[in-house]
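Take a look at the structure below.
What follows draws every value from the coordinates through simple rules; no lab data is involved. Note that the coordinates shown come from a computational prediction; the quantities given were computed from them, not determined experimentally. Glycine also receives a Cβ, built like all others from the backbone with ideal geometry; neighbour counts cover every protein chain displayed.
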Amino acid sequence: MKKLIALALLLSFALAGTVSAGWVSGESTVIAVNQGEAAFHGPLSSEQRLDVGMTGGSSGRADVIFSNKSSESRLALSALPVNIESGTSSDGTSYQDAKLTITPLVDNDSGQRYYLVETGNPEGTQIIAYKKGNFTQAFTASSLLEGADSASFTVDKKELTLHLEKGEVKSDYLLTYDSRTGTFNAKQKN
């Protein structure tokens, strides 16, 4: 009987270790502006709100405000540069859009919540941390590769990766959270 209990306990520890998913991302909010100005206001959760003002045309800019109803905390990101994406729609019409993507992200191990802000431009591509009712900037992509043209994130089960491009040069960085500083550190992947 003792062996059976010990085996069951050992098995439960082994299964618990493999269940941990690390990063879990939610549904992204994508805002695109073809020409002119647009505004978006919506909830991130029952307590959190997202407000975006954006312009598109020959260049794009976005003002993003993260706010919390109960603590009255807010973080404003002003005049973020947004890359212009060109393409052809399904009906054959060409377009040039300024596109902003905000993706919720949770560290499943700690429960910490983040928001990935992607503008396509390294200066606008950031990670916002949310903890105890407060929003803080935890990472900005522009500090890694001077003069980079584009930036994007990839979220895998155990890895958060930043992709930077400068001309033909592509560089990938593994991002890890430093709980002492409240920021993400980047290490270039091979």
* **In nm, spacing of pseudo-spin labels at Q35 and D109 (7 Å Cα→C-beta vector)** => 5.0 nm
* Asked: Check L44: other-chain or 5+ apart residues with amide H under 5 Å from its amide H, H built from backbone geometry?
  -> R49, L50
* Structure fact -> Which of V52, V30, V82 fluctuates most in a GNM of the chain (C-alpha springs under 10 Å)? That residue is V30
* Residue-by-residue Karplus 3J(HN,Hα) for the stretch 69-85, coefficients 6.51, -1.76, 1.60, Hz, glycine and proline x -> 5, 6, 9, 6, 6, 8, 10, 10, 10, 9, 6, 5, x, 10, 5, 8, 9
* R180 versus S46, label points 7 Å from Cα toward the beta carbon: distance in nm? -> 3.8 nm
* To do: May I ask for the longest run of the chain untouched by GluC sites (Glu not before Pro) that are loop-located per DSSP and have at most 11 neighbouring C-beta atoms (other than their own) within 10 Å?
  => 73-145
* Asked: How large is the charge dipole for the chain, taken about the Cα centre, if only the Cβ atoms of Lys, Arg (+1) and Asp, Glu (-1) carry charge, to the nearest 20 debye?
  -> 1060 debye
* S46: net charge of surrounding residues, Cβ under 14 Å, Lys/Arg +1, Asp/Glu -1, itself excluded? -> +2
* Structure fact -> A student asked for the Cα radius of gyration and Dmax of the stretch 15-103 in angstrom ought to give 16.8, 53
* Asked: Which of these, R49, R180, R61, has the largest mean-square fluctuation under a Gaussian network model of the chain (Cα springs below 10 Å)?
  -> R180
* Residue-by-residue Karplus 3J(HN,Hα) for the stretch 28-45, coefficients 6.51, -1.76, 1.60, Hz, glycine and proline x -> 6, 9, 10, 10, 10, 10, 7, 9, x, 10, 8, 10, 9, 9, x, x, 8, 7
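For N190 and R74, calculate 0.36 nm times their separation in residues minus their Cα-Cα distance, and state this gained length in nm to one decimal.
Numbers: separation 116, 0.36 × 116 = 41.76 nm, distance 3.76 nm.
So the extension gain works out to 38.0 nm.
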* Structure fact -> Sorted by chain and number, the residues with a modelled amide H under 5 Å from that of E85, at a separation of 5 or more or across chains, are D97, A98, K99
* the stretch 59-176, Cα convex hull volume normalised per residue, Å³ -> 137 Å³
